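**Q** Have a look at this one.
The values are calculated or read from the model by the stated rules, or taken from the named source; none is laboratory data. These numbers come from a predicted model, not from an experiment. Positions of Cβ are generated from backbone atoms using ideal geometry, with glycine treated the same way; all protein chains shown enter the neighbour counts.
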Amino acid sequence: MGVNQKINLSLDDLLDNIISYGYRDKKVHQIALEFRLLEKEIIVVVKDDAVAFNPFNGDGVDTSLSIDDRDIGGLGIHLIKQLMSSYKYVRKSNENLVTLTMNLAKN
């Protein structure tokens, strides 16, 4: 899987979760994406004003279970953890900040 595919898959899951579960009102909201291309890594920052939620907390998904025996949810975050070199969540000034880093030397 290429770098673009890994980033697209990761962002697809994060943005879907923010839009589907993060807002509980009918107000206008913004989600900001920032991309930084450095010599050996790509850094993506996703900033939103949704309810506070750290997607990286929790036990994760038991991929050894069959799909019928697993709880719903969590597989997208599991994929992000596998695809990215590092990931971080911070809540700052009533905003969620998720930082994804991909080491280009390993891809």
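**Q** Under 6 Å between Cβ atoms, at least 6 apart or on separate chains: pull out the pairs that start in region 1-27 with a residue that is under 17 Å from ASN54 (Cβ atoms) and end on any residue that is part of a helix (DSSP H, G or I).
**A** SER10/ILE80; SER10/LEU83; ASP13/GLY76
**Q** Here is a further query. I'd like the full set of residues that are over 16 Å from GLU39 (Cβ atoms) and in a loop (DSSP other than H, G, I, E, B), limited to region 82-107.
**A** Once the filter is applied, which keeps residues that are over 16 Å from GLU39 (Cβ atoms) and in a loop (DSSP other than H, G, I, E, B), region 82-107 yields MET84, SER93, ASN94.
**Q** Quick check on region 33-52: of everything there that is of a type in the set (D, E, K, R) and outside any loop (DSSP other than H, G, I, E, B), which residue is farthest from THR101 (Cα to Cα)?
**A** ASP48
**Q** Condition first: surrounded by fewer than 12 Cβ atoms within 10 Å (Cβ to Cβ), within 19 Å of GLY76 (Cα to Cα) and small (Gly, Ala, Ser). Now tell me which residues in region 1-43 satisfy that.
**A** GLY2, SER20
**Q** To continue, here is another question. Which residue, of VAL45, VAL61, VAL90, is modelled with pLDDT of 95 or more and closer than 26 Å to GLY2 by Cβ?
**A** The conditions single out VAL45.
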